[in-house]
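The values are calculated or read from the model by the stated rules, or taken from the named source; none is laboratory data. These numbers come from a predicted model, not from an experiment. Cβ coordinates were reconstructed from backbone atoms using ideal geometry, including for glycine residues, and neighbour counts include every protein chain displayed.
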Amino acid sequence: MRLNDFAGWLDDNDRFYGPGALMTTWIGNHDIPRAIHFASGQIGDCRQGSHPGNSWTGDYPQPGDAAAYERLGLAFVVAMTNPGDSLIHYGDEVGLAGGGDPDNRRMMPWDDAALLAPQRSLRATVQALGRIRRENKVLGRGRRITLGADDDTWVYRMSGCGDARLPSWWPSTAPMRRGTCASSSPGPGETCWPTAPSRAEALPARSTLVLR
C-alpha cells in the first residue's frame, strides 16, 4: 500500500470511530502469524490468521534480512506516535519468528547473544519510541494532521495537550531527500511540505525522524 493511501485509510478509520473512542493500536497478537513474516514479505496477505496449514510447519525461520526489521520498526513508529493505547505482543519488539497459533507463542529469547543484530536494533527503536511516547502525552492523546504524503513518504504532526511532535518517515526502497524549499519548485529528489521543519533532512530508506 502506498503511504498516501495508508494515511487516507487511517484518517477514515479515525472518523468512523470518532474522537471520543479509546482504541488499542497493535501490530501482532496471538491469533495471527508473527509480524516479522509480514514485514519480510513471506506472508503477503495481511488478513491471514492462524490455521493448521501455518502452525508448527517449520516454514517460519527467523529472517536474517535487516530490511524486514526496519519495516517492522516503521510499523511501531505508527503505532506509538498515534492516539490510542499501544499494545505490543511479547517478542514483536525483537521480531520473534513464528507461524500461526500455537507457533506464534515461541519462547521469548532473553539472552542477547541469541539475537541477531537487526533484532537488537529493532528493540532499541521500540525502547526509544516508548521513552518519547511517555514524555510527550500528545502522541497518545493528540490529533494527527498530515502535512504531506506520497507513495513512499508520510509526514504528520500531532497537536494538542499543549505539545506537538512531527514524525517524518519514509520506508522507500532508496534514500530520499525531503525538506522545505526556498522556491515553489522542488529540486531533484526533493519534495516541499508546506509546514515541514525549517531544515532539510536527508534520511536513508526505511528510516524515521521525530521532531519537536
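Looking at Gly95, Gly99, Gly140, which is the one that is in contact (Cβ under 8 Å) with a residue 40 or more places away in the chain, surrounded by 14 or more Cβ atoms within 10 Å (Cβ to Cβ) and within 20 Å of Pro204 (Cβ to Cβ)?
Gly95
Would you check if there is a residue in the range 7-24 being at pLDDT 90 or above, more than 18 Å from Ile145 (Cα to Cα) and over 19 Å from the mean Cα position of the chain (by Cα)?
The answer is no; no qualifying residue exists.
Listed residues His89, His37; which is modelled with pLDDT of 95 or more, assigned to a loop (DSSP other than H, G, I, E, B) and surrounded by 15 or more Cβ atoms within 10 Å (Cβ to Cβ)?
Result of the check over His89, His37: His89.
Tell me which residues, restricted to the range 40-58, are of a type outside the set (Gly, Ala, Ser) and surrounded by 13 or more Cβ atoms within 10 Å (Cβ to Cβ).
Hits for the range 40-58 are Gln42, Ile43, Gln48, Asn54, Trp56.
May I ask you to say which residue of Gly84, Gly73, Gly53 is of a type outside the set (Val, Ile, Thr) and at pLDDT 90 or above?
Gly73
Can you tell me which of (1) surrounded by 15 or more Cβ atoms within 10 Å (Cβ to Cβ); (2) assigned to a helix (DSSP H, G or I) is the one Gln127 doesn't meet?
Of everything listed in (1) surrounded by 15 or more Cβ atoms within 10 Å (Cβ to Cβ); (2) assigned to a helix (DSSP H, G or I), Gln127 misses just condition (1).
Filter the range 130-154 down to the residues that are charged (D, E, K, R) and not in a helix (DSSP H, G or I) and list them by number.
Once the filter is applied, which keeps residues that are charged (D, E, K, R) and not in a helix (DSSP H, G or I), the range 130-154 yields Lys137, Arg143, Arg144, Asp150, Asp151, Asp152.
Answer yes or no: is there a residue in the range 133-150 that is under 28 Å from Tyr60 (Cβ atoms) and within 16 Å of the chain's Cα centre (by Cα).
no
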